[in-house]
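Asks: Sharing a structure with you now.
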Amino acid sequence: MFSGEIRPLFPNFSLKQTMEKIEKLRQFLRWFWQVAKRYWISQERFRAWQLLAAVVIFIILAETTSALLNRYLGEFTTALTNKELDKFHHSLVLFGVTLLVLLSFLIIRSFIQNKLELYWREWLTKDFLNRYFAGRAFYQVNGNKEIDNPDQRISEDIESFIDKSLFYSLDLGETILRGFLFFSILWSINHKLVFVAILTALAQTLVSFFIGRILTPLNFKNLQYQADFRYSLVHVRNNSESIAFYKGEEQEQGMVQGKFSQLLAVLHAKILPSSVLVGINAGLSLSVVILAYLFLAPQYFAGQITFGDITRSIPAFTTIVGVFGWFATSFEGLTLFAAVIKRLGTFADYLQQNQQSPSSESVINTLIEPRFALSHVTVKTPDQKRVLVEDLSTEIPKSEGILLMGASGSGKSSILRAVAGLWDKGAGYIYRPNTAEILFIPQRPYMVLGSLRNQILYPHTNRQMSDTKLQDVLEQVNLTDLVDRVGGLDVELNWADVLSLGEQQRLGFARLFLHNPHYAVLDESTSALDVANEQHLYHKLREADITYISVGHRPTLIPFHQLIVEILGHGKWRFLSPNESQGTSLVSS
């Protein structure tokens, strides 16, 4: 059940609470400006400002035409009640022409605004993607509990942010302009109605404000739990085979239903305040029309105004109420917008911090040189609470290999993460070539979305390679019949499901032999293979003149490495000779 605190509608205000609210508002404005400004000061700014100016111009034209339409409405209504046929036809024609002009303005405004939204979304999405992939932020963000579901923030929240930013900013300006145009109309007919409209709108705003204090945190949790629920379903889909093997359907169903129950609790909590808000807004919208008639009827019966004046006054009155009650009628949408601003703002803050250079303290320094070497390297966990490896120094001779062995969880793979630059907490120096010269092969090779050709060529999928060459490299890793079995090099399948883990690992080596880099890092890259295939691949690796680092636990790997380091845990380690390693008993990783 939802355990969030339900705030009272009429709290006791204090100076401290007021200051906290002001600070929170400043934070939201800072987040909004941080996300929004990048597009409007970018290289696309000239087109953006031109489109925005065009939208504003057509808003002004449409609102001016709408005020003129109100005038002709009163004229042909008065002519109708006075049975003035010629004047009625004349005013009706003017009304129809003005209506067509108004519709054309609205269509053009909508077209330009939608174009602006798409251009802004295209630019902002690419900007977030650039920063998301820069400095491996997509990898680092997994350790940040405050940034949940970055995929939703990029795919959905950006669209919502842009749509709501333009809608509310333009709608507010449009509402103010409309109020200015209709204010004089209403004031000329009955100035008392202007004050009634303002008081009605203020009452509506006050009620909406107190109800909105409940809806704001609920809307934020709604977005969060919607994303969590969707991700839990995606997680089941991506791990369907493992779940089926474990017969874990009941547990997974319970987990998914638990996420859905969280979402339902928030949605249930929203029903009452949302319903009250809708009811109040609808009730006031209906009652204000009655108020308008009550104020206008005496003037009409006294012959001071015509029936056409009444017809003009009602939309003018409701417009003035709408102007001063804009925040009230928009409050729930604004709370959703505030939740989107917070999610994108905190995400933008994280990406900006990730781009900043790390402090020189407690950081492993990486120096780009044509070699693999570690000098007094200490590797810590990202939270720096545990030392995994302490003061390790070694260098790998060119075209040879080093094997990192040890019990599961001892820190073997952490050294590879440090070499790759994924982890930098610790001390010491790592000398390695540029990552473009290294091919990393994890235990479960990444299967891209695309064809078999793309799988083999990854990460250089744009590289041109003949079918004969690709078939040759598949034969080198004992996947001779793979092309015929799946239906060709250009067939697109879900390769993570089609290929066994052993086949995926051999495909990883096919990438290695095809691109033939000078350096390679292999993390349990043959763990799913039989010994014969493992030995075959390492023989090929030795023949390829590649300098490599391996993580593994099988004694059969030892003959293919000139250096062996046993990671003992708690920061301890030791060098072993190949003969000593053969007799070492290690826990499987």
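Only the coordinates and a few stated rules stand behind these numbers; no lab work does. Keep in mind the model is a prediction, meaning the values are calculated, not measured. In this analysis, Cβ positions are derived from the backbone assuming ideal geometry, glycine residues included, and neighbour counts consider all displayed protein chains.
Asks: When ranked by the protection proxy of mean other Cβ atoms within 10 Å per residue, highest first, what sequence do the peptides 421-429, 464-472 form?
Replies: Order by mean packing, descending: 421-429, 464-472.
Asks: To the nearest 20 debye, what charge dipole does the range 143-354 have about its Cα centre, counting +1 at the Cβ of each Lys and Arg and -1 at the Cβ of each Asp and Glu?
Replies: 600
Asks: Also: From the helices alone, meaning DSSP H stretches of at least four residues, give me the mean residue ellipticity at 222 nm for the chain, per-run term -39500 (n - 2.57), in deg cm²/dmol to the nearest 500.
Replies: Dividing the helical sum by the residues of the chain leaves -21500 deg cm²/dmol.
Asks: So between ASP530 and TRP40, what do we pick up on full extension, going 0.36 nm a residue minus the alpha carbon distance?
Replies: Using 0.36 nm per residue and subtracting the Cα-Cα distance, I get 170.6 nm.
Asks: Magnitude of the Cβ-charge dipole of the chain, K/R +1 and D/E -1, about the Cα centre, nearest 20 debye?
Replies: Taking the Cα centre of the chain as origin, the dipole is about 1800 debye.
Asks: Below 8 Å, C-alpha to C-alpha, sequence gap of six or more: please give me the relative contact order for the range 143-354 in percent.
Replies: Dividing the mean separation by the residue count of the range 143-354 yields 45 percent.
Asks: Mind checking the dipole of the range 53-136: about its Cα centre, +1 per Lys or Arg Cβ, -1 per Asp or Glu Cβ, Debye to the nearest 20?
Replies: The calculated dipole for the range 53-136 is roughly 440 debye.
Asks: A further question on this structure: I'd like the Karplus ³J(HN,Hα) series for the range 137-142: coefficients 6.51, -1.76, 1.60, θ = phi - 60°, whole numbers in Hz, and an x wherever there's a Gly or Pro.
Replies: After applying 6.51 cos²θ - 1.76 cosθ + 1.60, I find 4, 4, 7, 5, 5, 4 Hz.
Asks: Can you compute the modelled spin-label distance between VAL486 and MET465, with each label point 7 Å from Cα toward Cβ, in nm?
Replies: Simple spin-label model gives 1.2 nm for this pair.
Asks: With viscosity set to 0.890 mPa s at 25 °C, what whole-number translational diffusion coefficient in µm²/s follows for the range 103-261 from Stokes-Einstein and a Kirkwood radius over Cα pairs?
Replies: This corresponds to a translational diffusion coefficient of 119 µm²/s.
Asks: Measuring from label point to label point, each 7 Å out along Cα→Cβ, what is the ARG30 to SER375 span in nm?
Replies: 4.0
Asks: Helix 158-189: angle to the longest alpha-carbon principal axis of the chain, degrees 0 to 90, nearest 10?
Replies: Its long axis makes an angle of about 10 degrees.
Asks: Compute the FRET efficiency between ALA302 and VAL101 as 1/(1 + (r/R0)^6), taking r as their Cβ-Cβ distance and R0 = 35 Å, and round to the nearest 0.05.
Replies: Working from the Cβ atoms, E equals 0.45.
Asks: When only Cα pairs under 8 Å and 6 or more residues apart are kept, what is the percent relative contact order across the chain?
Replies: Computed over the chain, the figure is 15 percent.
Asks: While we're on this one: Which residues does the label zone of ASN238 cover in the range 477-495, counting backbone N under 19 Å from a point 7 Å along Cα→Cβ?
Replies: Residues 493-495 fall inside that zone.
Asks: Among VAL389, ASN238, TYR350, which residue has its Cα furthest toward the positive end of the charge dipole of the chain, with +1 on Lys/Arg Cβ and -1 on Asp/Glu Cβ?
Replies: Of VAL389, ASN238, TYR350, it is TYR350.
Asks: First select every other residue whose beta carbon is under 12 angstrom from the beta carbon of LEU51; then total the charges, Lys and Arg +1, Asp and Glu -1.
Replies: Charge balance near LEU51 sits at +2.
Asks: Could you sort out which of LYS259/LYS342; LYS115/LYS342; LYS115/LYS221; LYS126/LYS425; LYS385/LYS425 sit more than 20 Å apart by Cα distance in this structure?
Replies: Pairs exceeding 20 Å: LYS259/LYS342; LYS115/LYS342; LYS115/LYS221; LYS126/LYS425.
Asks: Multiply the residue separation of ASP86 and ASP171 by 0.36 nm, subtract the distance between their alpha-carbon atoms, and state the gained length in nm to one decimal.
Replies: 26.8 nm
Asks: Going by alpha carbons, how many degrees (0 to 90, nearest 10) lie between the helix axis of 15-40 and the longest principal axis of the chain?
Replies: 70
Asks: For helix 531-543, report the angle its Cα long axis makes with the longest principal axis of the Cα atoms of the chain; keep it between 0 and 90° and round to the nearest 10°.
Replies: Its long axis makes an angle of about 90 degrees.
Asks: For the range 151-215, what is the per residue volume of the convex hull drawn over the alpha-carbon atoms, in cubic angstrom?
Replies: 77
Asks: Take the alpha-carbon positions of the range 143-354, form their convex hull, and give its projected area averaged over all directions (one quarter of the hull surface) in nm².
Replies: Quarter of the Cα hull surface area: 15.4 nm².
Asks: Where does each of 220-229, 168-177 land if you order them by average Cβ count within 10 Å, highest first?
Replies: Taking the mean over residues of other Cβ atoms within 10 Å, the ranking is 220-229, 168-177.
Asks: Compute and list, largest first, the equivalent-ellipsoid semi-axes of the range 365-582 from the alpha carbon gyration tensor, each √(5λ) rounded to a whole angstrom.
Replies: One finds semi-axes of 31, 18, 16 Å for the range 365-582.
Asks: While we're on this one: Could you pull the Cα extents of the chain along its three principal axes, largest to smallest, in whole Å?
Replies: Its Cα atoms span 115, 59, 48 Å along the three principal axes.
Asks: Within the range 365-582, what percent of beta bridges assigned by DSSP are antiparallel, to the nearest 5?
Replies: 45
Asks: So what J values fall out for the range 249-261 if you push phi through Karplus, 6.51 cos²θ - 1.76 cosθ + 1.60 with θ = phi - 60°, rounded to Hz, Gly and Pro as x?
Replies: The phi angles translate into 4, 5, 5, 5, 4, x, 5, 5, 5, x, 5, 5, 5 Hz.
Asks: Between PHE133 and LEU294, what's the calculated FRET efficiency when r is the beta-carbon distance and R0 is 45 Å? Round to 0.05.
Replies: Using R0 = 45 Å, I get an efficiency of 0.10.
Asks: Could you go through the range 103-118 in sequence order and give the Karplus-derived ³J(HN,Hα) for each residue, using 6.51 cos²θ - 1.76 cosθ + 1.60 with θ = phi - 60°, rounded to whole Hz, and x for Gly and Pro?
Replies: Per residue, the Karplus-derived 3J(HN,Hα) values read 4, 5, 4, 5, 5, 5, 4, 4, 4, 5, 5, 5, 4, 4, 4, 5 Hz.
Asks: Write down the percent of antiparallel bridges among all DSSP beta bridges whose residues are both part of the chain, to the nearest 5.
Replies: Once the DSSP bridges in the chain are tallied, antiparallel ones form about 45 percent.
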